[in-house]
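Everything below concerns the one structure shown next.
None of the figures in this text is laboratory data; all of them are computed from the coordinates on show. None of the values given here were measured: they were computed from a predicted structure. Cβ sites come from the backbone with ideal geometry, for glycine too, and all protein chains shown count toward neighbours.
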Amino acid sequence: MTLEPLGGAARKTGVRIRVLFFANLRERVGSSALEVELAEPATIGSLREVLASRHPALRSLMDTALFARNREFAFATDSLHEGDEVGVFPPVSGGSGDQPTLVQVTEETLDLDDLVRQITLPTTGAACIFTGMVRARSEGGSPPTTDYLEYEAYRPMAEAKLRQLASEIRSRWPGVEGVALVQRIGRLEAGTPTVVVACSGSHRDSGVFEAARYGIDRLKEIVPIWKKEIGPAGGAWVEGHYRPARQDRDGPTGPADRTRLVG
């Protein structure tokens, strides 16, 4: 890891933080992690300015880059303190009780039957499953032909946001019994399942259809996972357009949190 002090001369005071880079930002910097020293008072905004100044290759990405402080979304005015960990990444493209919740970021093959089994209770009479797949061809895509995808995640934060998402689902659809949110990362060939959002309930009218649709849409907004499309002409990172707001930092509390983590 490289230490990058702010200013030329040694400073008596300053804030040292660890900065993690993901997806295209990691490629631009040429490193997955740097240690940066900032003058006080240090904020996400001042870090953004320092990164753009010291790494010109990042300047064009700073307007859209997202920041996370200690694995939670952070914003320009948020303060930084000694020892903080800050993730920098492009927009995003698993208690107690008797309700099973499975959240996971994994490099292993997704077993749909096993995932459904883990969120099935004696009272379960329906399950809705959404599975994303690697497309080999896409109309109007760039590249139009995909040989494979490379998925990358800010893993600790991604799993924390998946747990938040599970709580959001339960707060909106109390009839949902089990929730599975599993994302695969690494190199995935065409035709391979990439993500599973599964919701179980006592009946098809318990909200499982709506909850699964909400789950995949919300996952694409707040869970820090990215993909790089690799085709005959090369590769390109795919970025989304959603900008997290402060309310995206905290999931609901109360009854929705009475879940049993499985897996």
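Arrange the following residues from fewest to most other Cβ atoms within 10 Å of their Cβ: Ser206, Ser31, Ser200, Ser46.
Fewest-to-most ranking of Ser206, Ser31, Ser200, Ser46: Ser31, Ser46, Ser206, Ser200.
Work out the charge dipole of the chain with +1 on the Cβ of Lys and Arg and -1 on the Cβ of Asp and Glu about the Cα centre, then indicate which of Pro224, Ala76, Thr145 is farthest towards its positive end.
The residue sitting most towards the positive pole is Ala76.
Pick out, from Ala65, Ala166, Ser31, the residue whose Cα sits farthest towards the positive end of the charge dipole of the chain, with +1 on the Cβ of Lys and Arg and -1 on the Cβ of Asp and Glu.
Ala65
Starting from the Cα gyration tensor of the range 37-161, take the square roots of the eigenvalues, sort them a ≥ b ≥ c, and report rounded, prolate or oblate (rounded when a/c is under 1.5, otherwise prolate if a/b is larger than b/c, else oblate).
Since a/c reaches 1.5 but b/c is at least a/b, the shape of the range 37-161 is classed as oblate.
Give me the distance in nm between label points sitting 7 Å out from Cα along the Cα-to-Cβ direction at Met62 and Arg243, one decimal.
1.6 nm
How large is the charge dipole for the chain, taken about the Cα centre, if only the Cβ atoms of Lys, Arg (+1) and Asp, Glu (-1) carry charge, to the nearest 20 debye?
Using Cβ point charges on Lys, Arg, Asp and Glu, the chain gives about 320 debye.
Taking the Cβ of Val103 as the center, what net charge do the other residues with Cβ under 11 Å away carry, scoring Lys and Arg +1 and Asp and Glu -1?
+1
Quick one: P(r) of the range 100-261 from all Cα-Cα pairs, 10 Å bins, percents rounded to integers, in order of increasing distance.
11, 38, 33, 15, 3, 0
Express the Stokes-Einstein translational diffusion coefficient of the range 2-89 in µm² s⁻¹, to the nearest whole number, given a Kirkwood radius over alpha-carbon pairs, 20 °C and a viscosity of 1.002 mPa s.
For the chosen part, D equals 167 µm²/s.
Can you show me the helix-derived [θ] at 222 nm for the chain, built from DSSP H runs with n ≥ 4 at -39,500 (n - 2.57) apiece and divided by the number of residues, rounded to the nearest 500.
Mean residue ellipticity at 222 nm (helix-derived): -7000 deg cm²/dmol.
How do Val116, Val176 rank when sorted from fewest to most other Cβ atoms within 10 Å of their own Cβ?
So the residues, fewest neighbours to most, are Val116, Val176.
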